[in-house]
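Participant: One structure follows; several queries about it will come next.
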Amino acid sequence: NTNDTNIVQQATVQYNQKKSISLGINLLGDYHMAYASVWVCLSDILSYNFFKKECISDWQNVTLNLALQPWRWTMFAWIHNSIIIDSTYNASPRSVAHIIHSTQDRKDQMHPTYKILYVLGDMRELGWEEKQAHEYIASILLEQNAAALLVWDSMKNIVMPYLQAHWYGTLSHVQRFPNYEALWQYLQAYLLQNNSAPHIVVCKGSQNTIFLEEAIKYVIAD
């Protein structure tokens, strides 16, 4: 248990067909809630098996402060009162789609007045699935009430042509950049120009040769 109030997800965890626990965690992503739920249940079961007593009572409120490795859904304060979600360690079609949808959920539930800006780099090492995977992400982006800044070659050769061919105007702004150096300079100017409303800025991409995390340090608040 903690007294921390920085909880971004809450759920009711039920197990053994009878016990319920109210669980809150400080991380985005429903899979993080799933991992934490399993841990809580196992802790209670192991406590009973080894010590013959419960460590968590029925309907107890449990809050967990969990720490991720750097660049895996790490949250920072950004310039102009915005929030950055840094997930630049790696990227796959499933993880990119998940972070897009999870960010929209967080905005709706906790920051309804914020705008969303996706900063996405190529997804690497996909082989023959590269075109299909990037077009899949492009199709999801088209549905978002957000802006998008895209970095590297697959974003240029696959995502941008797909967006242009299927555009129906939900995305408010799209821009493509050859590297992180060009990105961070534009990003600073973009947030300054749009500082009337804070943003949730989501950065995700494969690390190899793209290095989106290098752009983040130029616009982080601290």
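Participant: Chymotrypsin sites (Phe, Trp or Tyr not before Pro) within region 124-199: which are DSSP loop residues with at most 16 other Cβ atoms inside 10 Å?
Facilitator: Of the chymotrypsin sites (Phe, Trp or Tyr not before Pro), the ones in loops of region 124-199 whose Cβ has at most 16 other Cβ atoms within 10 Å are TRP167, TYR168.
Participant: Then there's this: What angle do you read, to the nearest 10 degrees and between 0 and 90, between the alpha-carbon axis of helix 180-193 and the longest principal axis of the chain?
Facilitator: The two axes meet at around 80 degrees.
Participant: Pairs of alpha-carbon atoms within less than 8 angstrom and 6+ residues apart define the contacts here; what relative contact order does the chain have, in percent?
Facilitator: 22
Participant: Per residue, how much accessible surface does region 50-208 expose to a 1.4 Å probe? Answer in Å², no decimals.
Facilitator: 52
Participant: Given that just one value was derived from the coordinates, which of (i) 0.94; (ii) 1.15; (iii) 1.08 is Cα Rg over 2.2 N^0.38 Å?
Facilitator: Only one option fits the structure, namely (ii).
Participant: Give the accessible area for LEU66 in Å² (nearest 10); use a 1.4 Å probe, count only protein heavy atoms, and leave out ligands, DNA and RNA.
Facilitator: Probe radius 1.4 Å; accessible area of LEU66 about 60 Å².
Participant: How about region 82-168: which GluC sites (Glu not before Pro) there lie in a loop by DSSP and see at most 16 other Cβ atoms within 10 Å?
Facilitator: Hits after loop and neighbour filter: GLU125, GLU143.
Participant: Can you pull the percent of the chain's accessible area that's carbon plus sulfur, 1.4 Å probe, other chains left in place?
Facilitator: 50
Participant: Please give the calculated 222 nm ellipticity per residue for the chain, where each DSSP H segment of at least 4 residues contributes -39500 (n - 2.57) and the sum is spread over every residue; nearest 500 deg cm²/dmol?
Facilitator: -11000 deg cm²/dmol
The values are calculated or read from the model by the stated rules, or taken from the named source; none is laboratory data. Computed from a predicted model, the values in this text were never measured in an experiment. Note: ideal-geometry Cβ built from the backbone for every residue, glycine included; neighbour counts use all protein chains shown. Heads up: the accessible areas ignore ligands, DNA and RNA and are worked out on the full protein's heavy atoms, side chains in. Shrake-Rupley method; radii C 1.70, N 1.55, O 1.52, S 1.80 Å.
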